[in-house]
Amino acid sequence: MDFQVTAADGINERLDRYLQRKVAEMSRSRLQDLIKEGHVLLNTKATRPSQELRAGDRITVVVPPPVDVSVQAQDIPLDVLFEDEHIVVINKASGLVVHPAAGNPDGTLVNALLHHCDDLSGIGGEVRPGIVHRLDKDTSGCMVVAKHDRAHTLLTEQFANRHISKLYLAAVNGMPKERSGRLENMIGRHPVDRKRMAVLINGTGKNAVTEWRIVGENGGCALILCTLHTGRTHQIRVHMRDSLQCPILGDVIYGHPTRQKVKTERLLLHAWKLAFEHPITMRRMEFKAEVPEEFSPWLASSTANL
C-alpha cells in the first residue's frame with residue numbers, strides 16, 4: 001500500500017494516526033507494530049509511529065503474511081449461533097476455557113476455533129481467532145469472535161464505547177432484600193487474594209455498573225437477570241456477593257458451596273443475550289443462547305419469557 005501526504009491531508013499528523021484513517025481494517029496498535037518492525041517506510045526509510053508528516057511525504061506499507069502460532073487446532077464441538085466471513089457467534093459451554101494458559105495448554109475455545117475457522121485470516125499479525133471479549137471458564141453463553149483485523153477493531157470499539165447489549169442470568173444463593181436495582185461502584189483486584197476481584201472503597205479500581213432484577217425463584221434462591229453496562233473481570237460474581245450478599249450458586253471462588261440452599265454441579269451464570277452492530281454491514285444483530293438445563297427449576301416461575 002502506498003500513500004502520499006498532501007497539503008490538505010496529513011500535514012503535522014502522526015504517522016500512526018494517519019495510517020489508522022487510511023488503513024481502517026487494522027487497529028492502531030497493529031499499525032504501530034508494523035512501523036516499529038520496519039514494515040512501514042517513510043520516504044523509503046524506516047521511521048517511528050510518532051513521526052510527524054509533511055506535504056509530499058511518501059508512505060509505503062508492506063504487510064507481512066500472518067505467522068502461525070503455537071496453539072494447535074483441535075476438533076472440539078462448538079455450538080455456532082451465527083457465522084459469516086467476518087465473525088462467528090457461539091454459545092460457549094460451561095467448563096470450556098477461552099484461552100490457552102498455564103494449566104490449560106489445550107482443549108480451549110481458541111483451539112476449537114482454529115479448527116473450525118478454516119478461512120481465518122491474520123489478526124494482529126498472527127493466524128488466530130480474534131477474541132473480542134471473554135467469559136469465565138464455568139460461565140456459559142453468547143460470545144462473538146472476529147475473523148480478521150477490521151472486524152476485531154470495530155467490535156472492540158463497540159465494547160469500549162458500551163454499544164454492546166449484554167444480558168446474563170444468574171441463580172444466586174438466597175433472596176436479595178430488594179426486587180431490582182442498579183449497582184455502581186469500583187471493582188479491582190482484591191488487596192489480599194490476588195486471584196479474586198472485589199468492590200473497593202479506597203478510590204482505586206474501575207467503574208462497574210450492573211442493573212438487575214429478580215425474574216424467578218426456587219428453593220429460597222433467586223434467578224436474577226443482569227444487564228451489564230461495563231465489562232469488568234468477574235463483575236457479576238462480585239456484585240452478587242459483595243453488593244447483594246447473594247453469591248452465585250456453584251461459585252467456588254466467591255461463594256460457599258457447602259452452605260448453598262440449592263446444590264449444583266456448575267456455576268449458574270449464563271450469558272443469555274448479546275446484541276451489537278455487525279462490524280462490516282453495521283446491521284444491528286441480537287443473539288440468544290438457550291438457557292441450560294441446570295436453570296430449569298427457576299424457569300417455571302420466571303417473569304422474563306425465557
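In the set Arg189, Arg232, Arg259, which member is of a type in the set (Lys, Arg) and either within 30 Å of Arg150 (Cβ to Cβ) or in contact with a helix residue (DSSP H, G or I) (Cβ under 9 Å, 6 or more places away or on another chain) (or both)? Show your work before the answer.
Details: Arg189 fails: either within 30 Å of Arg150 (Cβ to Cβ) or in contact with a helix residue (DSSP H, G or I) (Cβ under 9 Å, 6 or more places away or on another chain) (or both); Arg259 fails: either within 30 Å of Arg150 (Cβ to Cβ) or in contact with a helix residue (DSSP H, G or I) (Cβ under 9 Å, 6 or more places away or on another chain) (or both).
That would be Arg232, the only listed residue that is of a type in the set (Lys, Arg) and either within 30 Å of Arg150 (Cβ to Cβ) or in contact with a helix residue (DSSP H, G or I) (Cβ under 9 Å, 6 or more places away or on another chain) (or both).
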Strands (runs of 3 or more DSSP E) enclosed by the range 180-230 - at least 3 residues per element that are at pLDDT 95 or above, exposed (fewer than 14 other Cβ atoms within 10 Å of the Cβ) and under 23 Å from the mean Cα position of the chain (by Cα)
none
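Condition test on Ile248, is it closer than 15 Å to Thr139 by Cα, touching a residue at least 60 places away in the same chain (Cβ under 8 Å) and not assigned by TED's automatic domain parsing to the domain that holds Arg150?
Details: closer than 15 Å to Thr139 by Cα: yes; touching a residue at least 60 places away in the same chain (Cβ under 8 Å): yes; not assigned by TED's automatic domain parsing to the domain that holds Arg150: yes.
Judged against the criteria, Ile248 is a match.
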With respect to Arg189, is the statement that it is of a type outside the set (Gly, Ala, Ser), in contact with an Asp or Glu (Cβ under 6 Å, 6 or more places away or on another chain) and assigned by TED's automatic domain parsing to the domain that holds His239 true?
no
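Which of the residues that make up the range 244-287 are over 22 Å from the mean Cα position of the chain (by Cα) and among the acidic types (Asp, Glu)? If you could, list the steps in order and put the result at the bottom.
Our first condition is that a residue be over 22 Å from the mean Cα position of the chain (by Cα); within the range 244-287, this holds for 244-247, 249-250, 252, 255-265.
Selection gives Glu265 alone.
Answer yes or no as to whether Leu274 is hydrophobic (A, V, I, L, M, F, W, C), crowded, with 20+ Cβ neighbours inside 10 Å and assigned to a loop (DSSP other than H, G, I, E, B).
Details: hydrophobic (A, V, I, L, M, F, W, C): yes; crowded, with 20+ Cβ neighbours inside 10 Å: yes; assigned to a loop (DSSP other than H, G, I, E, B): no.
So Leu274 does not fit the description; no.
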Options Pro77, Pro49: the member that is of a type outside the set (D, E, K, R) and within 22 Å of Ala8 (Cα to Cα):
Pro49
I'd like to know if the range 264-280 contains one or more residues that are of a type outside the set (D, E, K, R), over 26 Å from Leu78 (Cβ atoms) and out of contact with any helix residue (DSSP H, G or I) (no Cβ under 6 Å at 6 or more places or on another chain).
no
Could you run through the range 52-72 and say how many residues are crowded, with 16+ Cβ neighbours inside 10 Å, part of a loop (DSSP other than H, G, I, E, B) and either at pLDDT below 90 or touching a Lys or Arg at 6+ places or on another chain (Cβ under 9 Å) (or both)?
4
Count of the range 198-225 residues which are closer than 12 Å to Met240 by Cα and not β-branched (Val, Ile, Thr):
7
What is the residue count in the range 32-48 for residues that are in contact (Cβ under 8 Å) with a residue 24 or more places away in the chain and surrounded by 15 or more Cβ atoms within 10 Å (Cβ to Cβ)?
6
Check Val97 against each of (1) of a type outside the set (S, T, N, Q); (2) in a loop (DSSP other than H, G, I, E, B); (3) within 16 Å of Lys147 (Cβ to Cβ) and name the one condition it does not meet.
(3)
Please enumerate the residues belonging to the range 162-204 that are of a type in the set (Lys, Arg), touching a residue at least 40 places away in the same chain (Cβ under 8 Å) and farther than 29 Å from Glu265 by Cβ.
Arg162
Return yes or no: is Met175 surrounded by 13 or more Cβ atoms within 10 Å (Cβ to Cβ) and over 30 Å from Lys288 (Cβ atoms)?
no
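Taking the range 239-254 as the search range and keeping residues that are in a loop (DSSP other than H, G, I, E, B) and of a type in the set (Val, Ile, Thr), which one is nearest to Asp193 (Cα to Cα)?
Once the filter is applied, the top-ranked residue is Ile253.
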Of the residues in the range 75-115, those that are within 29 Å of Met285 (Cα to Cα) and polar (S, T, N, Q) come to Asn91, Ser94, Thr108, Asn111
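The values are calculated or read from the model by the stated rules, or taken from the named source; none is laboratory data. Small disclaimer: the values here were computed from a predicted structure and weren't measured. We place every Cβ from the backbone using ideal geometry, glycine too, and count neighbours over all the protein chains shown.
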